[in-house]
Each structure stands twice: as C-alpha cells, then as structure tokens.
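Below you'll find the structure, written out as structure tokens, and then a few comments.
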Amino acid sequence: MGLLLLLTSTLLSSYFHPGSVVNAQHTFTIRDISLSIEPSTDVTRGTNVTVRCKVTVSSSGQEALSREYTIFKDGSIVYTKTTSSSEDFLYPLPEARVSNSGKYKCKIKIGDRQSTSEAKKLTVRGLSKPVLHLNKGVVTEGEELTATCMAPGETGSIFFYFYDNSKEIQEKLVNSNQAVAELRFRSTGIHKIHCAYTVLLTPDSFKSEESNSVTVSVKELDITVVLEISPQYSIFEGDRLNIFCSIQTSQRSTEKMFLYLSEGTSLLSSGAKKVNHSMVALAKTGGLMLECRMEMGHLVKTANKTLPVTELFSAPTLTVSPAEVFQREPMTLTCKSESFASERLQSRDLTYTLYSLGNPLKSGNSGIFSGKALQHEFNYTCTARAKGIEKHSQTLTVRPRVFVSAPKISVSGKAILGQPIQILCESDTGSLPINYTLWKGYGIEDMTTVHMPFQKALFTVSISKPEEIKLYMCEANNGRREEGPFGARLTANVTVPLSHAMLSVLPALHDISEEGHLNLICSVEGTPPVTFKWYRVGESQPLNATTSDQVHKDYEFPVITKAHSGKYYCEAFNHAKNIVRSNEVTVEVRMAMWKKALIGGICLLIVTVLVLVFGLYFRSKRGKREAAAELSVKPSSPKSDDSLTVNLTHDTEVYYAATVRVDRAAVSVWSERKPEAGNDEESSMVSNEPDVEYTEVVHPRSADPARVPLRKGTDTVYSELQNSPHGAADHHDYQGSVEYAELNGEQPEISQHHPQDSSYQDLPEPVD
C-alpha cells in the first residue's frame, strides 16, 4: 500500500509540474539557468576571463543527475561537457584576445529536459603589435624576397597586409597568427617594408597598429633595352620607318630574355635579344608611340619613344547640300580634305571615292557627287587617297525630309458659343518642324511651329455667332516654299448655351381635374442634346430627368389627384454646362366631373324626395279641411256702401270672421268649381263673367290656449270675390256655401267674433 501511494504521488507530481521529470527513481525540475562573464563583459587583451553557467535544479532523490553543458559563441558551439556535479559550470578564456569577443550562451540538458540561458556579450579590446621579418636586406631587380608578418598571441581569421613605402603591395588571409609573402621590386633603390593585420569578427573587425619597418636595397641589373627608329626627324605620312629593338648587357644570366615591339596596343613584332620592323608612318593624335619591352622571369625593362608624324592630308569630311533635302529632290554630296602638306602633295594628287553600304558609288578628284535624295534615310561615307595613304570620313546619314500634307482642322474639345474654342491643325505626314498658320476668312489669325512629335498646333479663338466657325482653315509649311498646302475649312457643331427656359402645362390650368392627365412641357432655346429636369417647389429631388435631342420635352402624370396640386418648375442644361431655370407654374387639381355630377344628382334626388314628401303631406291636410270648412256671407245681396260679413266655420265653430265695405258695386263670393263635362254653354257664360280675385285672409291665432291648442304657422283662406261689371248687385245667392277653401298648416285656433267691434274696412293683407 505504501509503494502504491508513493508511485501515485510521483505521477501526480509529474502531471502537475510539466518541467519535472522522473529520472531513475526520483523526480527533478530545472528551476533556473543563467550565464555570467567574469571579471567583466568589457576587458582588455590578456585578461583571464571566465564564462560561468549557473543552474538551479530541484530533485527528490539523493543520486547526482547527469548534466550536459554546451557553450555557444555567436550561435556556434565552442565547448561541450557532461558532468554529474551540481557546481557552477566554468568555461575559461585565459589571456583573452580580440577573437574571443562575441555573444555567449549556456545550455543544460538533463534527461529529455533542457534549458538555455540568456546571451551575454564579451568585448576584448587591444591587439598585439605585429612583427616583420625579411630573409634578405639586399636584392637585385627581379629577385624574390620573403617577408614574414606575425601577430603574437592572436587567434581567429586574420588579414595580413604588406606595405612598400606606405603603398600596399600584397595581402593575405590566414587562420593563424602569421603570414608569409614573396615580394619583388620593379624599381631600384631603397625600399622600406612594414606590415599590419586585421582580426575579423562578424560583423566587426579590429585593425592592429603597424609593425616595425625593415629597409631593403634593390640593385639594378646591367641590362639595357635599346629602341632605334629611322628616320628620326621630319617624318610625314607615307614615309617608311625602320624600327630596331635590342638588349645590351655585360653579364650572363641563366634566365631567358624575350623582347616585344608594340605601337600603342598593336604588337608589331617579338623575339629574343633583337627585333626589327618596317612600317609606313601614319599621323595620329599625340604622335606615333612605340615601345620595346624585355621580360626575364619577373624582371621587366622597357624603352619608349613618341615620334611626331606630319599629316600628309586630313581625313575627308562628307557633307550634303542642301542641308534639308526633301524626298526625290536634287542633292549634292561633297567629300573634301580640308588640309594637306603642300611640300609633299598637290591637290590633284588626291582621289575621292563615295561609298554606300561599303560599295563604291563614284570616284573623282573634285570630290563632288550629285544625285536625287531617296525616299528613306541612307548612310554614305567617302575616302581620300594619296601616295598609298587612305583616310575615311565619318558616316553621313541623309534623312530626306517629307513635304507636309494638307492639314486637317478640327475642334479640340467642345465648341461653345461665348467661350474660348481650341482649334487643332494637324498634318498626317511631314517632317518636323512644321509651321502652322490659322486663317479666318482671308486674314491670318495666328501662327505656331511644331518642333517635337508630341507637340500640337492649338489655337484659341472666340466666336460670336455659330456660323463663324466655318470661316477658319489651316495652312502647313515645312519647306523652303513660300506657301504650304491649305486644308479644308472647319466644320464643327457649335453648342449654343441654353436660355429662355419656360414651363407650360397641358391641359389648360382651369381644365385640370382629377383622374385626368397632366403634361409639364419644358422648352428652352439653345443647342441639343438637352438634359431636362422637372421639380416640385419644396422638393430637392427632381420628379424626372431625361436627355433629349430636341429643345423641348414633356413630363406626363398619367393620372393625377388632388395631391398633385402645387408649384412646378424645370431646369435644363446642355454641353455648355449652364443651367437655366424656368418660371414656376401653380397647378390646382379640380374635382372630377363625374364626382360633381354625382353630388348634383344626389342633391337633386334628395330635393325631389323632400318635395314629394311635403307635397303629399300638404295635399292630405288640404283634403281634410276642404271637406269640413263652410263659408257664409251676409247680407246675401249687398249694396253699395253696405257692410259685408264673411264667416268661415269649421265643425260649427267660427274659424274666421271679417267685415268689409262694398264700394260702388256689389261683391259676390264664388266658389271655384271645376267645369262639368259637356256644359259648353255654361262655360261660355263663365268666360264672360268678371274676373275672379283671390283674397288671402289671415286669421290670427287665439291667445287662449284653453280652447284650442297652439298651432304653428299662419292659416290662410282663399276667397273668390267677383265684381259686377256695372256696379249693380249680383243676384247670385250669397248665402250659398263656399266650396273652395284652402287651409295651410294645421287648423288654427278660432276666436269669438264680435260684430260690434267690426268696422268697415278692406280685407287684411296676408301676414307671413
């Protein structure tokens, strides 16, 4: 049980501590690792330096752990050691040198666990002074000398440099602290030799001071190089020169000597001990430079001479006339030597030859060649010959000019009335430069010259009327002619800025009604295409926008409602970019006709129904009162100035009473009867009777509410009164009942009549 608990504890410890490891029979963990440099990270040369690696390890067992230490310098392994000691690991650097400078790190590995410290940089300052040794102090020309340069105590990659009188003569790269160089001297006399070195430490380098100086004496060998030339003076081109190159020496040498004769970079001849060469002298800039060179092992001796050679004739120059020749036009090529040595040569002794593509074309003493220019560029050369001397001219390229073609004229951009217009003149073919002239009518407007291919002949003009644009044309000239070809006159569309914008509507404003259509017509003056926009006052966004090739355009509301009432206007613009705004039009949408008719019909129907209802109502009331009312008149036969009493009774009650005076003639009261059918005679008699008057008698309502209920309105009684035509009393029976009476409204209250209160008076006027 105890063993099981120990094993469980160990496993749990390993699980909860990832840096810990079970090694053999116990657990450990690498807690910390650090590196330090002693005594300092910045020391001078020769200091004993120790790189210390300190590691802290926690272990559960008593046995020593196997530890593998690795020391890195600048990322490279410099030392590795395995030990079981728990002491700090030391990496000594006795008498540190500059080569020991760098970044150091320490790594420890225990089992399958490892850890690395942070890097520390060590800087060692100071280099040892180099020491120079020579195997000889005296040498002869070409003799080899051995020099040894040492850097005491230094290590690493070292560059060694060897100097002769402060001039570097050799360098060597070695991985040791000394270098050996083989030195040879080309000049005689005293030479002072010293050396120095540089230690390379990427990315730095450290240079030492200079070594001791050693003197070397170089003696000259008894060897002389001789260069002889014949003739030596007054040498002209074409003269024959004899050249001798040789060696003079009094000593014997086991080494082989060799001679080289050169003229500039051209090797003329070579051989041992003596060289001869013959050549024709040629004039060159700086004279004729000859060299005789002797080589014996590493020994080199030379002899040099420069001879002035007088030019017999100058190199010819090839020219063309005229300088600017056009295609297929006559031209003259002239080949001429500007100078010649008159004491040796006459002008007639020179012969000139014209070449093209290496082939001779013509020859002659004058050097003048005539012909016609080709249609394309061509290269020509010429040569001048005399006394075996031949000289070539430089290559002349003849580029025939192309006559300018008739220019084309166009407008660059847009031609807008009232704004500057740019006119472009351009020819399809023609050699530059080209002079362009802009004409307006028969007068010159402006001129310009095009020198480069990317240039354009642009003219800026202004016009006041669109038809003025047709007056312009171009002239182009690139030759010697006084006048060049003319192009056609300018044909271009001139954009007239918009003006006089107006908004109108269809139908007329007073005819705009609901469910009809509405057209907003915008018209302007100017050049199409025109972009139209319609707006409603108070709204920033247009109702519609469209571009038209006409100067008027409409926008239609297919079906309008009352909501379309408001103020409208339009805007328009064309390529001139000027925006014009129209007048504002107030649109009032009226009610639709069918709605008006419907409302009128409904009102008429209501009135008709009301009329019918009230008519039927009054007719029923009237019928009832006609059946119950009775009218009586007393006396029955009134005379002039008699009083007449009229009583209207209803259901035995007096409904109305009145007293009137009869003037001049008797008055009869008639009831209006409908004529009976077939009684023509009676009808005839009636027609001869006096006219009938209808008098409206108003009976006031009773103030006594106890007898008869209060009635509304005024009751009217119509009585028929007939006057006698002759003033005599009518013999009709006035006591007869009146059959015609009309009662308006409900039956009024009837008051008691008192005859004594009545007086003679007319019938009262109707009261509303």
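The values are calculated or read from the model by the stated rules, or taken from the named source; none is laboratory data. Since the structure is predicted, the reported quantities are computational estimates derived from the model, not experimental observations. Every residue, glycine among them, receives a Cβ derived from its backbone with ideal geometry; neighbour counts consider all protein chains shown. Quick note on the areas: whole protein, heavy atoms, side chains included, nothing else; ligands and nucleic acids left out. Shrake-Rupley method; radii C 1.70, N 1.55, O 1.52, S 1.80 Å.
Just to confirm, what accessible area per residue do you get for segment 502-574 at 1.4 Å probe, in whole Å²? Please list the in-between numbers first.
On the way: 3740 Å² over 73 residues.
Normalised by residue count, the accessible surface of segment 502-574 is 51 Å².
Of the accessible area of segment 468-531, with the probe set at 1.4 angstrom, what percent is carbon plus sulfur? Can you show the working numbers first?
Values: 1740 of 3240 Å².
Of the solvent-accessible surface of segment 468-531, carbon and sulfur hold 54 percent.
Over 26 Å between C-alpha atoms is what I'm after, so list which of Lys167/Lys284; Lys284/Lys387; Lys54/Lys207; Lys103/Lys207; Lys414/Lys465 land there. Numbers along the way, then the final one.
Working: Lys167/Lys284 36 Å; Lys284/Lys387 17 Å; Lys54/Lys207 35 Å; Lys103/Lys207 20 Å; Lys414/Lys465 15 Å.
Distance filter (> 26 Å) returns Lys167/Lys284; Lys54/Lys207.
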Local net charge near Thr527, Cβ-Cβ under 14 Å (Lys/Arg +1, Asp/Glu -1)
0
Calculated over segment 509-616: convex hull of Cα atoms, volume per residue (Å³):
106 Å³
Over the Cα atoms of segment 454-554, Rg to Rh with Kirkwood Rh, two decimal places?
1.27
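Once a ≥ b ≥ c are taken as the square roots of the eigenvalues of the Cα gyration tensor of segment 359-472, is the result rounded (a/c under 1.5), prolate (a/b larger than b/c) or oblate (a/b not larger than b/c)?
Working: a/c = 4.83, a/b = 4.10, b/c = 1.18.
Since a/c reaches 1.5 and a/b is larger than b/c, the shape of segment 359-472 is classed as prolate.
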Largest-first ellipsoid semi-axes for segment 560-620, taking √(5λ) over the Cα gyration tensor eigenvalues, angstrom:
56, 8, 6
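For Thr491 and Lys273, calculate 0.36 nm times their separation in residues minus their Cα-Cα distance, and state this gained length in nm to one decimal.
Stretched out fully, the Thr491 to Lys273 stretch lengthens by 69.4 nm.
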For a label point 7 Å along the Cα-to-beta-carbon line of Gln327, residues of segment 343-373 with backbone N under 18 Å:
372-373
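Considering every pair of different Cα atoms, what Kirkwood radius, in Å, is found for segment 295-348?
The answer is 16.0 Å.
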Length added when fully stretched, Glu63-Thr306, from 0.36 nm per residue minus Cα-Cα:
78.1 nm
Of the accessible area of segment 130-212, with the probe set at 1.4 angstrom, what percent is carbon plus sulfur?
48 percent
Write out the trypsin sites (Lys or Arg not before Pro) in segment 109-176 meeting two conditions: DSSP loop, and at most 13 other Cβ atoms within 10 Å of their Cβ.
Lys136
Assuming R0 = 51 Å, what is the FRET efficiency of His500 and Thr395, from their Cβ-Cβ distance, to the nearest 0.05?
0.10
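So what is the orientation-averaged projected area of segment 101-249, using the convex hull of its C-alpha atoms, in nm²? Mind dumping the intermediate values first?
On the way: hull surface 70.5 nm².
Orientation-averaged projected area of the Cα hull: 17.6 nm².
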Computed for segment 432-561: size of charge dipole around the Cα centre, +1 on C-beta of each Lys and Arg, -1 on C-beta of each Asp and Glu, debye to nearest 20, value 700 debye
Assigning unit charges at the beta carbon (Lys, Arg +1; Asp, Glu -1) and nothing else, what dipole magnitude in debye, to the nearest 20, does segment 535-581 show about its Cα centre?
200 debye
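Using DSSP, restrict attention to beta bridges with both residues in segment 477-623 and report what percent are antiparallel, rounded to the nearest 5. List each step's numbers first, then the result.
Working: 28 of 29 bridges.
Roughly 95 percent of the beta bridges in segment 477-623 run antiparallel, per DSSP.
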What Rg and what Dmax come out for segment 150-207 when only alpha-carbon atoms are used, in angstroms?
12.8, 42
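Hey, with R₀ at 45 Å, roughly what FRET efficiency would Leu509 and Leu471 work out to, going by the Cβ-Cβ distance, to 0.05? Walk me through the numbers on the way to the answer.
Numbers: r = 48 Å, r/R0 = 1.06.
So, using R0 = 45 Å, E works out to roughly 0.40.
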Could you give the length gained on full extension between Thr80 and Phe378, defined as 0.36 nm per residue of separation minus the Cα-Cα distance, in nm?
99.2 nm
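For segment 267-419, compute the orientation-averaged projected area of the C-alpha convex hull (one quarter of its surface), in nm².
19.5 nm²
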For segment 57-166, the per residue accessible area (1.4 Å probe, Å²) is 50 Å²
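Between Glu445 and Val559, what FRET efficiency comes out of the Förster formula 1/(1 + (r/R0)^6) with R0 = 56 Å and r the beta carbon distance, rounded to 0.05?
Computed FRET efficiency for Val559 and Glu445: 0.45.
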